[in-house]
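Shown next, in C-alpha cells, is the structure this report addresses.
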Amino acid sequence: MMTGFNGRARVAAAALAIVFAAGSARAQMPPDPDRFCACLYADELMLNGCVSGPAGSAFDLFLFLWVPAGPGLKYVTLRFDFPEVLGLSGRPHLHALATDLIIVDFIDGTVEWTVLFRQCPGGWVEVFRQECILLGEDLSPVRIVEANSLARDCDFVLDGLIVMNSFSLNDPACPFVDAGATSWGAIKGLWW
C-alpha cells in the first residue's frame, strides 16, 4: 500500500513538473530582469524566433515585452525595420489592456509603433500579434531598432529597452509555414 502511494506521488510529481516546465517556457527570465526587454516570436510560447516558406506563406508575429517589477507599463514605443519580403496583413491584435496604437513611418524605411495601456501590466506582456505574409524567399531579419525604442512605466519614468532577438525570415533551419494558409484576397489586400 505504501509503495503504491509513493508510486502515485512520483507520477503526480512528474506530471506537475511537466506542466510547470511547459508553462515556464514562456516565463523565461530576460537577460536583465530589472530592465524592459523586447522580443519577437512566431508563437505564443516564445520558442520560434524565425520562419521559412515560399512567397504567400502566412504566419503570426508576436511581440513580447518584459516589464520589470515596479509600477508597470504605461506605453512602449518600438522602431521596426521590416524587410521587403514581409507583408503585414491588417491591423495588429493588441493586448487586452491596450488602448491605442500610433504608427509613424520614417523616411529611412523604418516604422515606429507606440502602444498605450489603460492599466499597468507587468512581467511578460504580449503587446501584439500581427498577421504576416512572406512576399519573397530571401533570407531577411525583422529588427527592432534598440536605439529608437523605449518604454514608459506608470510613474512616467522613461526607460530604454533591451532587444533580446532579431526575428529571421526564410532561414532554412527555421520552422516551415505553409503557403496554403493564405488566401489570394489576403495577399491582394496588402496593396489594394
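Need one number: nm distance between label points at residue 45 and residue 110, each 7 Å from Cα along Cα→Cβ, rounded to one decimal.
3.3
Using each residue's phi in the range 57-68, evaluate 6.51 cos²θ - 1.76 cosθ + 1.60 at θ = phi - 60° and report the 3J(HN,Hα) Karplus result to the nearest Hz, with x for Gly and Pro.
Residue by residue, the range 57-68 yields 5, 10, 7, 9, 10, 10, 10, 10, 10, 8, 10, x Hz.
HN-Hα J couplings of the range 169-174 from phi, Karplus 6.51/-1.76/1.60, θ = phi - 60°, integer Hz, Gly and Pro as x?
Going residue by residue, I get 10, 6, 7, x, 7, 9 Hz, with x marking Gly and Pro.
Read the figures in this text as sums done on the coordinates, not as results from a lab. As the structure is a computational prediction, the values presented were derived from the model and not from experiment. Heads up, the Cβs are rebuilt from the backbone with ideal geometry, glycines too, and the neighbour counts pull from every protein chain shown.
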